[in-house]
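For reference, the structure discussed in these notes is given below.
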Amino acid sequence: MVHVITERCCNEASCVAVCPVDCIHPRPDEPEYLTAEMLYIDPQACIDCGACVAACPVDAIVADFEDGLPKTFDQFGELNARYYAEGATPPASPLTTRGGKVATSLRVAVVGSGPAAQYAASELLDAGDVSVDMFERLPVPGGLLRYGVAPDHEGTKGVQATFARMRRRPNFRMFLNVEVGVDITAEQLAERYHAVIYAVGARSDRRLGIPGEDLEGSHSATDFVSWYNGHPDFADRSFDLSGERAVVVGNGNVALDVARILAAEPDTLAKTDIADHALEALRSSNIREIVVIGRRGPAEAAFTTPELIDLAAHDDFDVVVDVDSIAAFRALQAEDSLSLSDYKVNVLDQIAAKAAGRDRRVVLKFLASPEEIVGAERVEGVRLSRNELTGDGHSIQPAASGDSEVLDARLVLRAVGYRSDAVEGVPFDAQRGVVPNEDGRVIDPDTGEVVTGAYVAGWIRRGPTGGIGVNKHSALETIDMLLSDHAAGRLRAPVVDAADLAQLLPGHIDAAGARAIEESETTAGAAQARPRVKIVDTRRMLELARPGGSA
Ligand code: NAP
């Protein structure tokens, strides 16, 4: 028996750290790590000790018994083995242990409360005499963990339990419902802490830049995600679900998330923590077909193979695959290819053979670029220019074919990536959508010098790529820089006592307040056999968070 990593893998790599035979790759210190869709266990090297199973925060690792994996996981056995067939690089050097304890006390502010922020705080608290204050604009912590991960992927949120434990530690405080740049300035923070880490993520969306993008009925997928996940700023939005077809532009995991939520049987979503307003709207949805548009070929789709396998495992809707694009790819593909992206096409082939005539369907269409969102007053469809594959063997590229078509739809969701916003008082590279930095140290773009005491982690540091666990390693690198700057005397001591923050920020919610909100949500959820019933009204959250707030 060996072990196999499955679709829940969050790339956090806790399994790598405990594996005694180093059979899980890519490791965070290997170059492939940042772009890996998931981690893989080498079936030849695994000794079946199970240490990785216990370390995984999201229960992604299963045992492959001699008579094969359970049917739901059998593709993952092949996928894990395929990574090594492709020639994974053997470990270049032993895993480096993170060393060094803080000798003199250190006070750090962390701005943001998503995965990168919480991993950073956790690592700092482990470093010795460090106290951490976390600042978050919303009344509850979590960032994309709460408002980005799809409600039917509760397992992906497994790391929440680790973060909840971290938030109870004595040197940790939270200032929720506080917007840095509005309620408190970056300068005021810099005066009160040795260092400030900005881990504010990416809350806006990229634009397509085509005519019709702002027509009624055309939305960014990030808004739709925030709406169904109960983000307070999006609770009042409405999405027209009256048409039979929706088009999702983009081919990443967000595109698959929104397509799956639109296609899913509402009764299955009712068991999740989806916002009640979204569930109600989806119950009366007329949408029967969701067409997901990729501008490149099937092997270059940005969605990951694990998420594709998960999509096709649903029995409440069909997944229909654009077989012409697959045939075009097969005609050019190298015969001997064992690449992981070619394996993605194998999975698409298997899906194509399965479609069963259900009431709702997700159509995966490739080689089509959006040219215009058409409609007089509102969205009526999307004009697509058709692409074709050129090249051969291991170098296959899309090119415009000159043909175009219009796909009728009343709803268009643009899922072409997230984008970070600037924080007032912090340098920002608007072109790249990141804070200019070197290994997590913020750089002043005018002077090219390091901004003393300012750091970044997560998507605001490197751009909106990678799943939750990758942010752990981004945060670790940043903390390494911060601790070495502290040890070298490069940080300035605080000049103002942060004890004044309670007076300065009278509307803030602390950790106890956040727990009161969470308890209210989970209690309501338990009564309905759901993980939680999300509160979407900020005023209600503030009421619950007040000492002695009503239950
Ligand atoms: P993404 O992975 O960067 O995908 C963006 C997609 O938009 C790509 O298919 C891209 O095509 C397409 N695109 C960009 N500009 C376009 C244009 N002008 N016209 C047509 N298509 C265009 O972004 P994402 O889906 O927002 O995901 C962000 C990150 O979060 C990813 O790393 C993702 O894996 C992660 N995530 C993970 C999960 C999960 O694990 N369950 C869920 C959600 C998100 P090209 O490839 O051709 O550029």
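The values are calculated or read from the model by the stated rules, or taken from the named source; none is laboratory data. What you are looking at is a predicted structure, and each value in this text was computed from that prediction instead of being measured. So basically every Cβ, Gly included, is an ideal-geometry build from the backbone, and we count neighbours across all protein chains shown. With ligands, DNA and RNA removed, areas are computed over all heavy atoms of the protein, side chains included. Shrake-Rupley method; radii C 1.70, N 1.55, O 1.52, S 1.80 Å.
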Practice task
Would you kindly work out the equivalent ellipsoid of region 298-405 from its C-alpha gyration tensor and give its semi-axes, the square roots of five times the eigenvalues, largest first in whole Å?
Solution key: 25, 22, 11
Practice task
Just read off the accessible area of residue 341 with the full protein assembly in place, 1.4 Å probe, to the nearest 10 Å².
Solution key: 50 Å²
Completion exercise
When the charge dipole of the chain is computed with +1 at the Cβ of Lys and Arg and -1 at the Cβ of Asp and Glu, the Cα pointing farthest to the positive end, of 526, 35, 347, is that of 526
Handout entry: log₁₀ of I(q)/I(0) at q = 0.10 Å⁻¹ - region 207-415, Debye sum with one point per alpha carbon
Key = -0.43
Exercise for the section: Please give the contour-minus-distance gain from residue 488 to residue 447: 0.36 nm per residue of separation, less the Cα-Cα distance, rounded to one decimal in nm. Expected result: 12.6 nm
Handout entry: Selection from 430, 356, 483 lying farthest towards where the dipole of the chain points positive, charges on Cβ
Key = 483
Handout entry: With Cα atoms, 0 to 90° folded angle of helix 115-125 axis to the chain main axis
Key = 30 degrees
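Let me make sure I get this right: for region 143-234, a, b and c are the square roots of the gyration tensor eigenvalues over alpha carbons, sorted descending. Under 1.5 in a/c it's rounded, otherwise prolate if a/b > b/c, else oblate. Which is it? Kindly include the intermediate steps, with their values, before the conclusion.
On the way: a/c = 2.93, a/b = 1.43, b/c = 2.04.
Taking the square roots of the gyration eigenvalues as a ≥ b ≥ c, region 143-234 is oblate.
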Fill in the blank from the handout: Given pairs 271/344; 71/354; 365/472; 365/534; 157/354; 71/344 and cut-off 23 Å on Cα-Cα distance, the over-length ones are 271/344; 365/472; 365/534; 157/354
Problem - Dipole of the chain, positive end: most advanced residue of 290, 499, 46 [Cβ charges, Cα centre] - result: 499
Exercise for the section: Run the 1.4 Å probe and let me know the accessible area of residue 72, rounded to the nearest 10 Å². Expected result: 100 Å²
Problem - the chain: angle of helix 74-85 to the longest principal axis, Cα-based, in degrees nearest 10 - result: 80 degrees
Handout entry: Solvent-free Debye scattering, log10 I(q)/I(0), computed from the Cα coordinates of region 437-495 at q = 0.15, 0.16, 0.30 Å⁻¹
Key = -0.47, -0.53, -1.21
Handout entry: Radius of gyration and maximum dimension Dmax of the chain, Cα, Å
Key = 23.9, 69
Exercise for the section: Return one whole number: the accessible area per residue of region 207-415 in Å², for a 1.4 Å probe. Expected result: 40 Å²
Completion exercise
Nearest 10, in degrees from 0 to 90: the angle of helix 253-263 to the longest Cα principal axis of the chain is 70 degrees
Completion exercise
With every protein chain kept in place and a 1.4 Å probe, the residues 227, 459 fall, from largest accessible area down, as 459, 227
Handout entry: Point-charge dipole on Cβ atoms (K/R +1, D/E -1) for the chain, about Cα centre, debye to 20
Key = 1200 debye
Exercise for the section: On each of the three principal axes of the Cα atoms of region 2-85, give max minus min coordinate, whole Å, ordered largest first. Expected result: 34, 23, 22
Practice task
Counting helices only, and only those DSSP H runs with n ≥ 4, report the 222 nm mean residue ellipticity of the chain as the sum of -39,500 (n - 2.57) divided by its residues, in deg cm²/dmol to the nearest 500.
Solution key: -8500 deg cm²/dmol
Problem - Accessible area (Å², 1.4 Å probe, nearest 10) - residue 175 - result: 10 Å²
Practice task
Please get the size of the charge dipole for region 432-529, origin at its Cα centre, with Cβ charges of +1 on Lys and Arg and -1 on Asp and Glu, quoted in debye to the nearest 20.
Solution key: 260 debye
Fill in the blank from the handout: For the chain, any Cys whose C-beta has no other cysteine C-beta under 4.7 angstrom counts as unpaired, and these are 9, 10, 19, 23, 46, 49, 56
Problem - Accessible area in the full protein assembly, largest first, 1.4 Å probe, for 447, 305, 185 - result: 447, 185, 305
Completion exercise
Residue separation between residue 78 and residue 182 times 0.36 nm, minus their alpha-carbon distance, gives in nm 32.3 nm
Completion exercise
To the nearest 20 debye, region 2-85 has a Cα-centred charge dipole, built from +1 on Lys and Arg Cβ and -1 on Asp and Glu Cβ, of 120 debye
